[in-house]
Every structure is written in structure tokens, then in C-alpha cells.
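S.K.: One structure follows; several queries about it will come next.
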Amino acid sequence: MKILRFAALMMVSVAIASSNATAQNLKPSDNAALRYWSAFAQIQDAGITQEQGREAHAILDGTAPYDDSKYRDIIEKNRPAVETMIRGTALPYCDWGMEFQMGPNAPVDYARKAGFLGRLNVFYAFHLLIGGDKDGAVRALQAGLRFSHDVANGGTLFATVVAQGLIVAHLQAAAGFQKVAGLSAAQRAALQKSIDQLGQDGLDWAGAMKREMEVLPTHDAQEAAARDKIAASYVRLLNNPGTLPELQQTISNAPKQIADLIPNPKRVLDQKQDLAEKLQQTRTLLQ
């Protein structure tokens, strides 16, 4: 059943990507999302224990050291998946083929798979660094930053939050590499280039929120009007944090059925600002 579902998703993605690629004079094979789906199919995660999972989060947060003896086996099992992903990041565009006409039922399983693969890539970079392949480790981090950005491309807030976590994890690793191993001028410049390509904010938070609101279910004209008003206020917030009280008031005045579905604006704003700060900190460290 999983294989059939995966095949169906691939067919939908190929069809939509083909249409979009034609409009842009690009080939469907230029779509990085299709390569990423291939990487997802190669993932082998059976070897991760619950204890390793807890430790992994601490390592990605920068609060625990990486122990290659605990993770090298699963990293080597998943090397083909990670390398497929890395090759995908060289392609010119990424279109996940989201079907927003499905509303809240639009599938977002790709973002969950991407979260695992992106975290695995951070460990892959550690693994390469410990093995003495510093250039390979930097290459993995560069690809991981591009992949993390692609995860959010054209998606809703959920995909953007996943992408934010992945970018921060890769930035933490880059900072750790510089502090512990010391990077050459060329290696620092390569990472700086990849970080600069993400821009000041790293992700298109306003675009993600617009799409999030588009799939929010409404049952009548009153709910639709409230949703549209909140959407406009949310976009203003993401461009101007000072409008947070205005948005909070707008949400509290909305019908409960709508208000209960709105993502916490303070939390989203904090995630956006945290990413921007991490980007700036890492840029400064690598100078």
C-alpha cells in the first residue's frame, strides 16, 4: 500500500512539474523535488532507537556532542539517500506540486520525510568531518542549506517550520565546525555563499502564511471574511513585528471555529526572528 501511495504521489508531482517546467522552458527533470522523492524512497531508518532519537535532537540543538560510533552504521546505510538529495540540490528549481484545491487535506507527507533526511544530512556532515573529509563535510552542509530552503518552497506554514528547523541545525553544525575543527578560508567562503543565498530572513514566511490561510476551511461568508482579514493582518505582522497586538485582536474577534485554527502568531514570529538571528550570527562567525 505504501508503495502504491508513493507511486501515486510521484505521478501527480511529475504531471504538475511537467506543466510548470514547460511554462518556464525548463525540463521536468530539472525539478529538484523529483530527485528528493527518489531520496525519500532510499531512506532506511529502522536502525534508530528511541534513545538515539533523543540524543539526536540534543546534537542538532548544539547541546550535546556528536558520537560517530553511535550513528555511523545508519549514516552509511543512508549514504545513497543523502547523496541523491545532495545531487538534487544542484538542479535549478523545486516544485513539490502541492494541490491546494484539496484544502486542509492537501498531502504534506513530503515535509515529514524531508525533516528526517535533512537531519540525517547534518549527521552525515559530522561523519565526514570526523573521517577527515572536511571538504566533503562542507559540501554536505552547503547542500543541506539548499535542500532545507527547497523544503519550504511553495508549501504551507508546516513545511516552512520544518525548513526553519533544518536550516538552524545546519547553521549550528557550520558554527561547530568552525569552532572545533577550524575551516579554511575557501571552506568558510563556500559556506558564506550558501548562507547569503538564503537572504536575510532565510525563508518566505509571508508567502507560506498566505498559502496556510488558503487551505483553512470555512463554512460560510462570515468565516471566509474573518479568515481573509486575519491573513492580511498576519502578512503585515511578518513584515512589521510591531503589529502583533493588532493581529492578536483580529484573531480574538474572529469566529471561534476560525480563531482556533490560526497558528500562534507570537510563536511564528519568534521562529522567524530566531532564524534571522542564527543566519547573521553564522555569517559573522565565518568571516
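The values are calculated or read from the model by the stated rules, or taken from the named source; none is laboratory data. In this text the structure is predicted, and so the values were computed from the model without any measurement. Cβ placement follows ideal geometry from the backbone for every residue including glycine, while neighbour counts extend to all protein chains displayed. Ligands, DNA and RNA are excluded from the accessible area calculation, which covers all protein heavy atoms including side chains. Shrake-Rupley method; radii C 1.70, N 1.55, O 1.52, S 1.80 Å.
S.K.: With (1) open to solvent by 50 Å² or more (accessible area, probe 1.4 Å); (2) touching a residue at least 60 places away in the same chain (Cβ under 8 Å); (3) among the β-branched types (Val, Ile, Thr) as the list, and Ile195 as the residue in question, which single condition is left unmet?
M.R.: Every listed condition holds for Ile195 apart from (1).
S.K.: Can you tell me which of (1) at pLDDT below 95; (2) open to solvent by 20 Å² or more (accessible area, probe 1.4 Å); (3) assigned to a helix (DSSP H, G or I); (4) closer than 28 Å to Ala33 by Cβ is the one Gly154 doesn't meet?
M.R.: (3)
S.K.: Could you figure out which of (1) assigned to a helix (DSSP H, G or I); (2) in contact (Cβ under 8 Å) with a residue 60 or more places away in the chain; (3) under 22 Å from Pro92 (Cβ atoms) isn't true of Ala140?
M.R.: (2)
S.K.: Would you be able to say whether some residue in the stretch 76-88 is at pLDDT below 90, out of contact with any Leu (no Cβ under 6 Å at 6 or more places or on another chain) and open to solvent by 60 Å² or more (accessible area, probe 1.4 Å)?
M.R.: No - not one qualifying residue is present in the stretch 76-88.
S.K.: Do any residues in the stretch 222-245 that are free of Cβ contacts under 8 Å to residues at least 12 places away in the same chain and closer than 20 Å to Asp270 by Cβ have Cβ atoms under 7 Å from those of residues that are open to solvent by 60 Å² or more (accessible area, probe 1.4 Å) and assigned to a helix (DSSP H, G or I), where the two are at least six apart or on different chains, and which pairs are they?
M.R.: From residues that are free of Cβ contacts under 8 Å to residues at least 12 places away in the same chain and closer than 20 Å to Asp270 by Cβ, the pairs are Thr243/Arg236.
S.K.: Quick test for you: out of Ala190, Ala185, Ala174, Ala169, pick the one residue that is more than 19 Å from the chain's Cα centre (by Cα) and surrounded by 15 or more Cβ atoms within 10 Å (Cβ to Cβ).
M.R.: Among Ala190, Ala185, Ala174, Ala169, only Ala190 is more than 19 Å from the chain's Cα centre (by Cα) and surrounded by 15 or more Cβ atoms within 10 Å (Cβ to Cβ).
S.K.: Run down Leu9, Leu34 and say which single residue is part of a helix (DSSP H, G or I), at pLDDT below 65 and of a type in the set (A, V, I, L, M).
M.R.: The match here is Leu9.
S.K.: Kindly indicate whether Ala208 is under 30 Å from Ala143 (Cβ atoms), buried (at least 21 other Cβ atoms within 10 Å of the Cβ) and touching a Gly at 6+ places or on another chain (Cβ under 7 Å).
M.R.: So Ala208 passes the test.
S.K.: Hey, could you check the stretch 58-74 for residues that are among the β-branched types (Val, Ile, Thr) and more than 23 Å from His149 (Cβ to Cβ) and say which is surrounded by the most Cβ atoms within 10 Å (Cβ to Cβ)?
M.R.: Ile74
S.K.: Here's a follow-up. Test Gly115 against the stated conditions and say whether it is part of a helix (DSSP H, G or I) and either surrounded by 24 or more Cβ atoms within 10 Å (Cβ to Cβ) or aliphatic (A, V, I, L, M) (or both).
M.R.: no
S.K.: On to the next question. Scan the stretch 262-279 for residues that are hydrophobic (A, V, I, L, M, F, W, C), surrounded by 19 or more Cβ atoms within 10 Å (Cβ to Cβ) and within 13 Å of Met209 (Cα to Cα) and jot them down.
M.R.: Ile262, Val268
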